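Accompanying notes for the structure given below.
The values are calculated or read from the model by the stated rules, or taken from the named source; none is laboratory data. Since this is a predicted model, take the numbers as computed values, not measurements. Note: ideal-geometry Cβ built from the backbone for every residue, glycine included; neighbour counts use all protein chains shown.
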Amino acid sequence: MPQKFYITTAIAYTSRKPHIGNSYEIVLTDAIARYKRLQGYDVFFLTGTDEHGQKIEEYAKEAGVSPKEYVDVVAGQIREICDLLNTTYDKFIRTTDPEHEKTVQKIFKKLYEQGDIYKGEYEGLYCTPCESFWTQSQLKDGKCPDCGREVVPAKEEAYFLRLSKYQKQLEEFIEQNDNFIYPEQRKKEMLNNFIKPGLQDLCVSRSSFKWGIPVSFDDKHVIYVWIDALSNYITALGYDPDGNSDKLYQKYWPADVHIIGKDIVRFHTIYWPILLMALGEPLPKQVYGHPWLLFGKDKMSKSVGNVIYADDLVRRYGVDAVRYYLLSEMPHAADGSITYETIIERYNSDLANTLGNLVNRTIAMQNKYFGGVIQSPDVSGDFDGELQALCLQTVKDVDTLIGQYRVSDAVNAVMNLARRANKYIDETTPWALAKDDASLPRLGTVLYNLLETIRFIAVLVSPFIPDTAKSIFEQLNCTVNTYDSLQAFGALKQGETVGTPAVLFARIDAQKELESIQKELEEKQAQQEDNSGDFVPFGEEITIDDFAKLDMRVGKVLTCEPVKKSKKLLKFTLDDGSGTPRTIASGIAQYYQPEELVGRNVVFVANLKPVKLCGVDSCGMILSAEGKERPNVMFADNAAPGDKLR
């Protein structure tokens with residue numbers, strides 16, 4: 001039976017569309033999960049969204065929508081980016097999922113009944129963006145020590161988790177489990193700065209806002225983020241505090257590693273372990289606090305204007321180029337950097353010149369000199385042994401580095417193998433060997449060594465740039481792509497024929513690309529300035545008779561699904577009050593997930609002439625408000641199907 005491996009990301013907060021710095025974590029975690037699967041592990045990979053809290057309530061109010069409507073939109077954007085970046089999560093949890101909310105209520109009640117949660121009153125300095133209380137001594141320059149923003153005095157009734165009760169137990173656990181907090185400097189920071197000075201009991205409920213999971217026995221309170229969000233790692237597996245946990249929980253818990261940003265290490269190595277100790281559950285094996293991805297030397301900020309989004313990068317460079325940059329550029333324990341200049345430089349030097357050129361010219365030479373037929377590697381010579389040994393050593397190195405979550409070093413180890421293969425071409429000069437018939441057996445061996453090295457590279461990069469690996473295997477015309485096939489050099493079979501060479505990554509003209517980017521940024525800025533204080537002009541005046549021609553009704557969404565022939569259309573089946581379901585196609589697929597819309601009441605034009613869209617007979621039009629970044633479907637959840645708008 002394969003060994004299990006449970007890996008998670010921190011769940012993303014649904015306040016805003018995530019930028020590329022936020023997206024790094026899901027790609028990093030996906031690379032580790034893919035590599036573990038390659039090694040034969042039974043992997044469960046969890047990600048998702050954190051959707052409650054005062055900040056969400058305030059954002060929703062500003063947007064003029066309910067908190068649930070607000071988080072549905074942002075959660076959809078987050079999931080779209082996860083899918084865009086080709087990540088292979090096994091479950092996407094939302095903290096608004098009914099089963100999660102139900103289990104969190106049961107966890108809270110259990111801890112209260114056993115005395116680990118008690119009722120009191122909190123008075124302190126509150127940071128709304130971080131949703132954290134602080135004492136005066138904890139502030140940095142009079143502001144929040146986490147985000148640097150202003151704090152305000154706050155006082156309210158609250159429930160508290162007895163952190164102090166478990167302080168000694170936690171301290172002993174961390175000191176006895178060297179790799180629990182990783183890397184080492186994060187462990188020292190937690191012990192010396194937070195735990196050993198003494199833990200204060202933690203506020204775990206709020207009564208000053210409503211957007212949260214209600215405390216089941218006290219409806220004045222909602223459960224605070226620490227118990228709500230952190231519990232996702234076990235609720236996603238079907239944990240039940242009453243002792244009836246699902247088989248998934250029994251199989252995969254404890255987590256092998258939580259992959260999180262360095263700014264939330266404290267929550268995952270103090271609050272979370274103590275919560276589990278109080279529940280009597282095993283602790284995760286490891287928490288890895290990764291560094292941040294900065295824009296140059298600065299933290300990304302929408303207000304500063306230095307934010308880069310994953311979808312913009314993918315549009316320009318492709319998914320694998322973006323994945324490669326994120327994974328190769330971020331150091332193990334220090335912050336990484338991203339700029340358009342460095343993206344282009346890394347794309348050209350590593351992907352186009354080193355990897356792409358190696359594959360292209362090797363496949364081309366095999367076709368040119370031997371009609372594509374792989375020769376027998378019978379005539380060894382200088383440099384062969386060194387290249388073969390490096391292939392085998394690279395597998396061992398990558399294994400070790402992935403085990404330490406040094407993913408950038410692992411990626412660079414594979415790229416070093418590609419560099420060595422390019423050097424091998426220069427050392428063996430295949431074009432010179434091809435001039436002498438007597439040297440053809442040696443040429444066949446040289447090209448065999450290169451093809452086999454490329455196969456090693458393709459297997460090893462498959463967790464990092466999976467589509468590229470697939471393309472390489474297609475060019476090799478090879479299906480030997482398992483981890484086990486890397487235990488010895490020579491799995492390629494002589495007599496088989498390689499495929500046709502193709503360009504993996506076309507070189508980018510850096511100057512033209514940067515000029516294009518600058519132009520696009522200027523156009524966006526100008527558009528924002530134009531729209532900053534204006535709105536879309538009103539249309540021509542109409543009479544009441546004109547308006548009466550429109551039959552606008554309320555319809556309940558019975559089903560919603562993507563239209564196979566279109567990337568833009570969703571197919572709706574509505575209960576329009578008539579007793580006969582109505583079908584409407586709407587071009588909002590890139591903005592909404594179907595599950596967000598099922599069960600909702602929407603507004604639609606009922607007397608629009610039917611039209612066939614990508615094979616769907618669309619009888620009407622669903623109404624949306626045209627926002628600056630996306631359309632917002634007009635909901636009418638308090639109305640009934642068939643109600644007419646007047």
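If a residue must be outside any loop (DSSP other than H, G, I, E, B) and not aliphatic (A, V, I, L, M), how many such residues does the stretch 180-218 contain?
So the count comes out to 15.
Which one of these is closer than 22 Å to residue 549 by Cα, in contact with a strand residue (DSSP E or B) (Cβ under 9 Å, 6 or more places away or on another chain) and either modelled with pLDDT of 85 or more or surrounded by fewer than 17 Cβ atoms within 10 Å (Cβ to Cβ) (or both): 637, 643?
Residue meeting the stated conditions: 643.
Of all strands (runs of 3 or more DSSP E) completely enclosed by the stretch 17-132, which ones contain at least 1 residues that are acidic (Asp, Glu) and crowded, with 22+ Cβ neighbours inside 10 Å?
Values: elements: 42-50, 91-94, 117-127.
Filter on the stretch 17-132 gives 42-50.
Taking the stretch 514-548 only, how many residues are in a helix (DSSP H, G or I) and either at pLDDT below 75 or out of contact with any helix residue (DSSP H, G or I) (no Cβ under 6 Å at 6 or more places or on another chain) (or both)? Walk me through how you get there before you give the answer.
So the first thing to find is which residues in the stretch 514-548 are in a helix (DSSP H, G or I), and the list is 514-531, 544-548.
Next, only the ones that are either at pLDDT below 75 or out of contact with any helix residue (DSSP H, G or I) (no Cβ under 6 Å at 6 or more places or on another chain) (or both) stay: 514-516, 518-531, 544-548.
Total meeting the criteria: 22.
Would you mind telling me which numbered condition in (1) at pLDDT 95 or above; (2) surrounded by fewer than 22 Cβ atoms within 10 Å (Cβ to Cβ); (3) over 21 Å from residue 473 (Cβ atoms) residue 382 fails?
Result: residue 382 fails condition (1) only.
If you check residue 246 against the conditions, is it touching a residue at least 24 places away in the same chain (Cβ under 8 Å), more than 29 Å from residue 66 (Cβ to Cβ) and surrounded by fewer than 16 Cβ atoms within 10 Å (Cβ to Cβ)? Let's see the steps before the verdict.
On the way: touching a residue at least 24 places away in the same chain (Cβ under 8 Å): no; more than 29 Å from residue 66 (Cβ to Cβ): yes; surrounded by fewer than 16 Cβ atoms within 10 Å (Cβ to Cβ): yes.
The answer is no for residue 246.
Scanning the stretch 564-589 for residues that are closer than 20 Å to residue 627 by Cα and part of a loop (DSSP other than H, G, I, E, B), which turns out nearest to the chain's Cα centre (by Cα)?
589
For every residue, the table says whether it meets (1) under 36 Å from the mean Cα position of the chain (by Cα); (2) free of Cβ contacts under 8 Å to residues at least 24 places away in the same chain.
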| position | (1), (2) |
| --- | --- |
| 326 | yes, no |
| 341 | yes, no |
| 345 | yes, no |
| 349 | yes, yes |
| 358 | yes, no |
| 367 | no, no |
| 376 | no, no |
| 379 | no, no |
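Need a quick list: helices (runs of 4 or more DSSP H) entirely within the stretch 236-337 having at least 1 residues that are closer than 30 Å to residue 461 by Cβ. Spell out how you get there, then give the answer.
Values: elements: 247-252, 272-279, 310-317, 319-329.
In the stretch 236-337, the matching helices (runs of 4 or more DSSP H) lie at 247-252, 310-317, 319-329.
Checking the condition at pLDDT 95 or above, polar (S, T, N, Q) and more than 24 Å from residue 11 (Cβ to Cβ), which residue from 169, 105, 138 passes?
Values: 105 fails: more than 24 Å from residue 11 (Cβ to Cβ); 138 fails: at pLDDT 95 or above.
Selected residue: 169, the only one of 169, 105, 138 that is at pLDDT 95 or above, polar (S, T, N, Q) and more than 24 Å from residue 11 (Cβ to Cβ).
Given the residues 95, 128, 88, which is the only one that is among the β-branched types (Val, Ile, Thr) and closer than 30 Å to residue 242 by Cβ?
Details: 128 fails: closer than 30 Å to residue 242 by Cβ; 88 fails: closer than 30 Å to residue 242 by Cβ.
None of the other options fit; the residue is 95.
Filter the stretch 37-58 for residues that are within 14 Å of residue 402 (Cβ to Cβ) and hydrophobic (A, V, I, L, M, F, W, C); which is farthest from the chain's Cα centre (by Cα)?
Among those residues, the one meeting the criterion is 38.
Considering only the stretch 600-633, state which residues are closer than 18 Å to residue 75 by Cα, in a loop (DSSP other than H, G, I, E, B) and modelled with pLDDT of 90 or more. If you could, list the steps in order and put the result at the bottom.
Filtering the stretch 600-633 for residues closer than 18 Å to residue 75 by Cα gives 600, 627, 629-633.
Those left that are additionally in a loop (DSSP other than H, G, I, E, B): 600, 627, 629-630.
Correct list: 600 only.
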